[in-house]
Every structure is written in structure tokens, then in C-alpha cells.
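Trainee: Handing you a structure now.
Each reported figure results from applying straightforward, stated rules to the coordinates on display, with no laboratory input. All values derive from a computational prediction rather than experimental measurement. Neighbour counts are summed over all protein chains in view; Cβ atoms, including those assigned to glycine, are modelled from backbone coordinates with ideal geometry.
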Amino acid sequence: MSNENTIDQLKHRHLLGLADYDADEIRLILQTAREMRTVLDRPIKRVPSLRGVTVVNLFFESSTRTRISFELAEKRLSADVVNFSASGSSVSKGETLKDTAQNIEAMKTDVVVIRHSSPGAPNFLTNWIEGVVINAGDGAHEHPTQALLDMLTMSEIDIPSHSGLADFDFSGLNVSILGDITHSRVARSNIYGLSALGANVTLCGPRTMMPVEVEELGVRVTDRLDEALEGCDVAMALRIQLERQGGPLFPSLREYHDRFGIKLEHLKRYPNLRIMHPGPVNRGVELASEVVDHERAVILNQVTNGVAVRMAVLYLLSGGTAIE
């Protein structure tokens, strides 16, 4: 399969999810992110690519990692940044999402980065504002920039049997996603993105945490951890999303860790396995503390790559000038 980019710009005006993005678009974002990564290694970590562009971070859900990452990306590109949170805003007085967005756009903003608890909120915004909309996570629907940074991180892993990773050819790469699949927007975006690049995806977790008819997503499904890790190149553990669960879906956190948590013994049993996690990590639940700190865990690489990926998305969707 050829890994040459056949496009030099995105076909989409917004980033609402990866379900509709094809392999060429995903590779273009990842290649641009790799270029942005070099900016982050410079003594002066700033380029004027989005000078004059105003970006609003519209966060209706609590966030630390994603929000800081977007804000850093925007500032590294020299954009003007406005931060908005629902707490203490007119939303608490009854203002609707539509009215909030239109009022913000009336202040002559260009890009809205939105995180919202309701699936489809970013798509809803596109019907009411003229600016670019970027999804920073909507309910249990999608979290596209997280999946993109995960794929960028995978492309940097040295796996001798997969020489095409650096060119974003994931053909034959075996990735297992473990945990609360039903409530995970990260899992969905990764399934779409990894499948587009040719990876084999396995989902593993309690049956109570698997979506109905999950096999229709073109993935392998198991409730046995060792089956998911056998032959696996990259294992991505997901946080247990207790805040989205209507009730307990497993007996206890201890039992969950016993059955589905990755432990040091797994790293010894599977010597080529690499560990990822979108964060925040619950040590002793999804991953043993020793695994989080292990050299084969690339969790901090994911965090760094998050800034580069978000720079790339902002740059490509906002028509930025040349990277200098």
C-alpha cells in the first residue's frame, strides 16, 4: 500500500469525528503533526501561522489535559485565545448552547473548540455558527484529537515487524483496547482511525461494558485479557467512566483489576507489548502502578504528541500560513 499523501488539504471544514475521515486525511493530519512536533523542540516554541485567528475553547465538561493541550497548541501557533467554561457563565442562568455559541461568534471569533456531555453537540453547533468547529469530546460519541495523538504515538514505536509505522501504514498492527468500551469516546475514535490505517483492533472488557452489536464495527471482541494481549503490539487501557455509568457494571474495582488490569506479569509474559492510556490513569485499576512507570509505557509521549496533533488540526482547518 502506498503511503504517499494524495491530498494537501482536508476535505472537511470541521473535525467532528473520525468516522467520516478517510486514510489520506488522517495521514495528512499526522504528517502535519510530526512537523509541528519539531516546533515544540525549538528554544522558542512559537510560529506565527495563526496570527490574527481567534479561537474559543468552549468547555461544558471538566477537563485538564485536553483543555491545556488545546490552549498550548493555540498559543504555539500565535492565535488569540478565549477560554470559556460553563461554570460561572450565562449557561448557569439558563442560556442555551445555541445562544452561547452565537454570542461568542458575534464577538468575531474564527474557531470553536467544544467539549460537551451531549453526543452530537459539535455537529449541532455547525448549524448555527459560521466558524470552524473542533470536537474536543462529546459525551460517549467521539474524541477525535485523542485518537489522532494516539496514532501519532504508535507511529513512533519501534516494532521491527511493522516497518511502515513511520509512514502511517498500520497494516497488520495489532492494537487491543481494554476497559469501558460502551462509555468511551476515545475507543470509538480509535476504532475508526486505526481501522482506516489498516490496524487490527481487539476490544476487551466485561460484557456489561461492551456496546450492543459491537462486532459490526469490524473489530474482534473478547472478555479474556490474555486473549487480547496474545500477539498484541499496543495495548490501550481506558479509564473506568463511573460518572457515565447508570449503575455498577462490575462487582468491585479490585475484581476489575484482577480480571482486566495490566500488571507487571503481563509485561514479562509479552515482551514486545507497549502500553498506552488516554489519561487520567487510575493506578491499581486499569494499570498497576509499576506498569504506568515502566519504560514500555508511552503515556507521557501521548501527552506531548497531543499538543502537536492539536496544532496540526487547528493549522489545517484554519488555513494557516507556512510553518516557519
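Trainee: Roughly how tilted is helix 65-76, in degrees to the nearest 10 and between 0 and 90, from the longest Cα axis of the chain?
Mentor: Rounded to the nearest ten degrees, it is 50.
Trainee: About the Cα centre of the stretch 157-297, how large is the charge dipole given +1 on each Lys and Arg Cβ and -1 on each Asp and Glu Cβ? Please answer in debye to the nearest 20.
Mentor: Values: 15 positive and 20 negative charges, 67 e Å.
Dipole of the stretch 157-297, to the nearest 20 debye: 320 debye.
Trainee: Summing +1 for each Lys or Arg and -1 for each Asp or Glu, what net charge is found among the other residues whose Cβ lies under 9 Å from the Cβ of ASP223? Kindly include the intermediate steps, with their values, before the conclusion.
Mentor: Values: positive: ARG207, ARG224, ARG259; negative: GLU227.
Cβ neighbours under 9 Å give a net charge of +2.
Trainee: Output ³J(HN,Hα) for the stretch 30-43: one whole-Hz value per residue in order, computed from phi by the Karplus curve 6.51 cos²θ - 1.76 cosθ + 1.60 with θ = phi - 60°, and x for Gly and Pro.
Mentor: With coefficients 6.51, -1.76 and 1.60, one gets 5, 5, 5, 4, 5, 5, 5, 4, 5, 5, 5, 8, 7, x Hz.
Trainee: Please report the spacing between the Cα centers of the stretch 1-80 and the stretch 131-208 in Å, no decimals.
Mentor: For the stretch 1-80 versus the stretch 131-208, the Cα centre distance is 17 Å.
Trainee: Sticking with this structure for a sec: Where does the stretch 157-297 land on Rg(C-alpha)/(2.2 N^0.38 Å)? Walk me through the intermediate numbers first.
Mentor: Working: Rg = 14.4 Å, N = 141, 2.2 N^0.38 = 14.4 Å.
After normalising by residue count via 2.2 N^0.38 Å, the value is 1.00.
Trainee: How big is the Cα convex hull of the stretch 40-188 in projection, averaged over all directions, in nm²? Display every interim value, and only then the final one.
Mentor: Numbers: hull surface 44.8 nm².
Average projection, Cα convex hull of the stretch 40-188: 11.2 nm².
Trainee: Gaussian network model of the chain, Cα springs within a sub-10 Å range: biggest mean-square fluctuation belongs to which of LEU148, LEU40, LEU287?
Mentor: LEU40
Trainee: In a Debye calculation with equal point scatterers on the alpha-carbon sites of the chain and no solvent, what is log10 I(q)/I(0) at q = 0.10, 0.13, 0.16 Å⁻¹?
Mentor: Treating every Cα as an identical point scatterer, log10 I(q)/I(0) equals -0.56, -0.96, -1.39.
Trainee: Pick out which of GLN146, GLN31, GLN302 has the largest mean-square fluctuation in a Gaussian network model of the chain, springs linking Cα atoms closer than 10 Å.
Mentor: Evaluated over the chain, the most mobile residue of the options is GLN31.
Trainee: Treating the angle as unsigned and between 0 and 90°, give the value, to the nearest 10°, between the Cα long axis of helix 144-155 and the longest Cα principal axis of the chain.
Mentor: 50 degrees
Trainee: Per DSSP H run of at least 4 residues, take -39500 (n - 2.57); add these up for the chain, divide by its residues and hand me the 222 nm value, nearest 500 deg cm²/dmol.
Mentor: Numbers: 11 runs with 112 residues, N = 324.
Rounded to the nearest 500, the figure is -10000 deg cm²/dmol.
Trainee: GluC sites (Glu not before Pro) within the stretch 263-309: which are DSSP loop residues with at most 13 other Cβ atoms inside 10 Å? Working shown, then result.
Mentor: Values: sites: GLU265, GLU286, GLU290, GLU295; in loops: GLU286, GLU295.
Answer in residue order: GLU295.
Trainee: Could you list SER318, SER117, SER252, SER289 in order of exposure, starting from the residue whose Cβ has the fewest other Cβ atoms within 10 Å? Write out the running numbers ahead of the final one.
Mentor: Values: SER318 20, SER117 15, SER252 9, SER289 12.
Ordered by Cβ neighbours within 10 Å, fewest first: SER252, SER289, SER117, SER318.
Trainee: Quick one: give the max-minus-min coordinate of the C-alpha atoms of the stretch 106-182 along each principal axis, largest first, in Å.
Mentor: Projected onto its principal axes, the Cα set of the stretch 106-182 covers 53, 29, 14 Å.
Trainee: Taking θ as phi - 60°, what are the ³J(HN,Hα) couplings along the stretch 254-269 by the Karplus curve (6.51, -1.76, 1.60), each to the nearest whole Hz, with x for Gly and Pro?
Mentor: Listing the rounded values in order: 5, 5, 4, 5, 4, 8, 10, x, 7, 10, 4, 4, 5, 5, 6, 6 Hz.
Trainee: So which trypsin sites (Lys or Arg not before Pro) in the stretch 15-110 pass both tests, a DSSP loop state and at most 14 other Cβ atoms within 10 Å of the Cβ? Mind showing how you got there, number by number?
Mentor: Numbers: sites: ARG27, ARG34, ARG37, LYS45, ARG46, ARG51, ARG65, ARG67, LYS75, ARG76, LYS93, LYS98, LYS108; in loops: LYS45, ARG46, ARG51, LYS108.
Here the sparse-neighbourhood loop sites are LYS45, ARG46, ARG51, LYS108.
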